[in-house]
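What follows is a set of notes on a single structure, which appears directly below.
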Amino acid sequence: MLRDVFDEDPELYDRARPAYPPPLVEALITAAGLTPESRVLEVGPGTGQLTVPLARLGCRITAVELGPTVAAVTRRNLRPFPNARVEVSAFEAWPLPEEPFDLVVCATAFHWIDPAVRVPKAAAALAPGGTLALVTTEHVAGGSWDQDFCDLVQGCYERWDPTTPTGLRMPDESALTPDTGELDRSDHLDAVEVRRFAQEITYSAPEYRDLLCTFSNHRALDPTALSGLLDCVTDLIDNRNGGSVTKRTLHELITARRAA
């Protein structure tokens, strides 16, 4: 499955993937009412981009990670936090413990979980009044991606990735609509809320190349196509964009309460 590719190079993932914006983390802590005594279940933690900031609070965290080599890096990153542990399993197959959680959180990974399982099982893991929190990530227009540069990058993708739609453009964040349908339809969840956090990060050409290599659709390309795409994009950054690119992303923090 495509979600398995993240286990191929976890050190690269750990180095290249950015942390989530601190205001998002603070909003999550507040929304869930987290304290050092809180029990937290994180599904698909990656190498700890969200886990580590939550662990600093002292919460009792169980992180369920599909990939064993990713999990090894996550354990290393969580070594300073004795209340955080990592279990290797697909969430769909992971047995829920008897003691429920105060927070179940999944950051930029919920779409990888079986739709028939993810919301019912996450809700079942929560104590009454507990919080389910999902973080989504969208690449949006902004930063240094003006239309001319966007068109040039699009040309790289159309040349090297046959699945690229013709004329694809970065969406404007104001045009994006939150998708809360699964949570709204659940009989076990209520009080659905959405908060938005944008961030812009500047990358050198090598740093952006590394970031692209952490995306599943890029890793799924054959080696010749991937190399050609990476060379094309990084050449544009170096020779048409002054050696760096500023990327804008929009994160949505979507929360819901476990009904009493």
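Quick look at the numbers
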{"item": "Hits in region 219-232 (condition: surrounded by fewer than 17 Cβ atoms within 10 Å (Cβ to Cβ) and free of Cβ contacts under 8 Å to residues at least 40 places away in the same chain)", "result": "Asp222, Pro223, Thr224, Ser227, Asp231"}
{"item": "Scan of region 187-206 for residues that are surrounded by fewer than 17 Cβ atoms within 10 Å (Cβ to Cβ) and under 19 Å from Ile237 (Cβ atoms), ordered by number", "result": "Glu200, Ile201, Thr202, Ser204, Pro206"}
{"item": "Residues that are surrounded by fewer than 21 Cβ atoms within 10 Å (Cβ to Cβ), in contact (Cβ under 8 Å) with a residue 60 or more places away in the chain and among the charged types (D, E, K, R), drawn from region 64-117", "result": "Glu99"}
{"item": "Among (1) surrounded by fewer than 12 Cβ atoms within 10 Å (Cβ to Cβ); (2) hydroxyl-bearing (Ser, Thr, Tyr); (3) closer than 30 Å to Val43 by Cα - the single one Thr166 does not satisfy", "result": "(3)"}
{"item": "Test set (1) under 20 Å from Asn217 (Cβ atoms); (2) in a helix (DSSP H, G or I) - Pro18 fails condition number", "result": "(2)"}
{"item": "Any hit, region 83-97, residues being touching a Phe, Trp or Tyr at 6+ places or on another chain (Cβ under 9 Å) and under 30 Å from Arg169 (Cα atoms)", "result": "no"}
{"item": "Residue selected from region 1-57 under the condition at pLDDT 95 or above and of a type in the set (Asp, Glu), by the criterion surrounded by the fewest Cβ atoms within 10 Å (Cβ to Cβ)", "result": "Glu37"}
{"item": "Qualifying residue in region 240-249 (condition: within 18 Å of the chain's Cα centre (by Cα), surrounded by 13 or more Cβ atoms within 10 Å (Cβ to Cβ) and hydroxyl-bearing (Ser, Thr, Tyr))", "result": "yes"}
{"item": "Pair list, Cβ under 8 Å, 6 or more apart: region 157-185 residue among the aliphatic types (A, V, I, L, M), other residue part of a helix (DSSP H, G or I)", "result": "Leu168/Gln154; Leu168/Tyr157; Met170/Cys150; Leu183/Val119"}
{"item": "Residue match in region 137-144 (condition: of a type in the set (Gly, Ala, Ser), crowded, with 17+ Cβ neighbours inside 10 Å and closer than 19 Å to Arg257 by Cβ)", "result": "no"}
{"item": "Odd one out for Leu126 among (1) buried (at least 22 other Cβ atoms within 10 Å of the Cβ); (2) touching a helix residue (DSSP H, G or I) at 6+ places or on another chain (Cβ under 6 Å); (3) not hydroxyl-bearing (Ser, Thr, Tyr)", "result": "(2)"}
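The values are calculated or read from the model by the stated rules, or taken from the named source; none is laboratory data. Since the model is a prediction, treat every value here as computed from it, not as a measurement. Ideal geometry is used to build each Cβ from the backbone, glycine not excepted, and the neighbour counts take in all protein chains shown.
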